[in-house]
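Accompanying notes for the structure given below.
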Amino acid sequence: MSATTAIPAVSLAPGVAALAEKPEADRPHTPNQEDLAFGCPRFFLPEAKQVYVVVSSRARGVSVGVNLNPDQSCNFDCCYCEVGRRLTQAAGLAPVPVNTQTLAAELTEALTQLHNGSLLQSPAIAGLPAEMRRLAHVAISGDGEPTLCPNFSEAVESVVHLRAAGIVPFFKLVLITNSTALDLAEVRNGLRLFIRSDEIWAKLDAGTQAFMDRINQPEVPLTRVLANILQLARVRPVVIQSMFVETEGAMPDRVELTEYAKRLNELKAGGAQISLVQIYSATRPHHSRRCRHLSLRVLSEIAAFVRQMTGLRVEVF
Ligand code: SF4
């Protein structure tokens, strides 16, 4: 990280500034239901194990997810993670390859049901506005970090094969990643199969190692995450995904938000193409009691601050 990057002199949006200065007891706590734009429940088709369906506000429609980590392998232990990571980490198991034939069969079935309309009748989708009742993308994702899947490139190849076969209409691919393994040859080989309209959504929740330790409890340092994002984003645009939550009663403060914005500016200065910054909070049940959802109002204030500091396109979800 460069210490010389110029950061514009701005002040925090009033609400964020006020939050950072408020005594803990006065700060907002658990969200009201109306704070949540979408509950985002996911569901599997009967018998399916590797492919699931979720209504995604960030995707603005239905996202069909390919789970490359049924084994829940991850090198983070985020406080907001929906997966109870302690048990899998304690077991010390190495990531296992996915069965790409099963994956392709399940994906074909889900996409076919979406296009013939039968899946749109499911309770999670039927009541949505028309513009949300559409396939937005197929997400390479997982119950862990998808790029740790030992046969990542083979899995991507099987999805790309299905797309090329034309059995179902064309779909966009999105990789959702914590960016820690983007430098691995296995992952680079898989990403070579992505076309220009496919997307990479890269997690960046912190601007300092200390804050990252608090939120993500990573096995990989922030410097490597930033280096990986930079290397990839010099070649193709990336979407930065940033989750902000209240942890142990503390909001993200102005110092951390400023450092986070500095890291984005350093990426930009290094040649990274950042098409969008997605700011969001934990909307699904998570295992840890250490963190809590932030309201849309607070997220909007954080977004306004990041927009002002970086000049990037920033959206709240
Ligand atoms: S990176 Fe994703 S899967 Fe891994 S701990 Fe964080 S939220 Fe969970």
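Can you give the relative contact order of the stretch 164-317 as a percent, counting alpha carbon pairs under 8 Å and 6+ residues apart?
Worked out over the stretch 164-317, it gives 22 percent.
Quick one: which residues, 5 or more positions from Cys291 or on another chain, have an amide H under 5 Å from its amide H? H modelled 1.01 Å from N in the peptide plane, none for Pro or chain starts.
Result for Cys291 returns Glu248.
What value in Å³ per residue do you get for the convex hull of the alpha-carbon atoms in the stretch 14-316?
129
Taking the mean number of other Cβ atoms within 10 Å as a proxy for protection, how do you rank 208-220, 170-182 from highest to lowest?
170-182, 208-220
Tell me, what ³J(HN,Hα) does each residue in the stretch 229-241 have, in order and in whole Hz, if you take phi through Karplus 6.51 cos²θ - 1.76 cosθ + 1.60 with θ = phi - 60° and put x for Gly and Pro?
Working through the residues one at a time gives 4, 4, 4, 6, 6, 6, 9, 8, x, 10, 9, 8, 10 Hz.
Which whole-Hz ³J(HN,Hα) couplings does the stretch 104-115 yield from phi under the Karplus relation 6.51 cos²θ - 1.76 cosθ + 1.60, θ = phi - 60°, glycine and proline marked x?
Values, residue by residue: 5, 5, 5, 5, 4, 5, 4, 5, 5, 5, 5, 6 Hz.
Starting at the first residue of the stretch 64-77, write each ³J(HN,Hα) from the Karplus equation 6.51 cos²θ - 1.76 cosθ + 1.60 with θ = phi - 60°, in whole Hz, x for Gly and Pro.
Residue by residue, the stretch 64-77 yields 9, x, 9, 8, 8, 10, x, 7, 6, 5, 7, 9, 10, 9 Hz.
Taking amide hydrogens as modeled 1.01 Å from N in the peptide plane, which residues meet the under 5 Å criterion relative to Glu199, leaving out close sequence neighbours?
Close amide H contacts, sequence-distant or interchain: Leu173, Val174, Leu175.
Which residues' amide hydrogens lie under 5 Å from the amide hydrogen of Gln241, considering only partners 5 or more residues apart or on another chain, with H built in the peptide plane?
Amide H neighbours of Gln241, under 5 Å, 5+ apart: Ala202, Lys203, Leu204, Gln278.
For Asp213 and Asp183, what is the calculated FRET efficiency with R₀ set at 25 Å and r taken between the beta-carbons, to the nearest 0.05?
Efficiency, rounded to the nearest 0.05: 0.75.
If packing is taken as the average count of other Cβ atoms within 10 Å, what order do 224-231, 66-73 fall into, highest mean first?
Descending packing order for the listed peptides: 66-73, 224-231.
Once the dipole of the stretch 14-316 is set up with Lys and Arg at +1 and Asp and Glu at -1 on Cβ about the Cα centre, which of Leu135, Ala110, Asn216 lies farthest towards its positive end?
Positive-end residue among those listed: Leu135.
Laboratory data are not the source of any read-out in this text; all were calculated from the coordinates shown. This structure is a prediction, so every number in the text was calculated from the model and none was measured. Cβ: placed from backbone, ideal geometry, glycine included. Neighbour counts: every protein chain shown.
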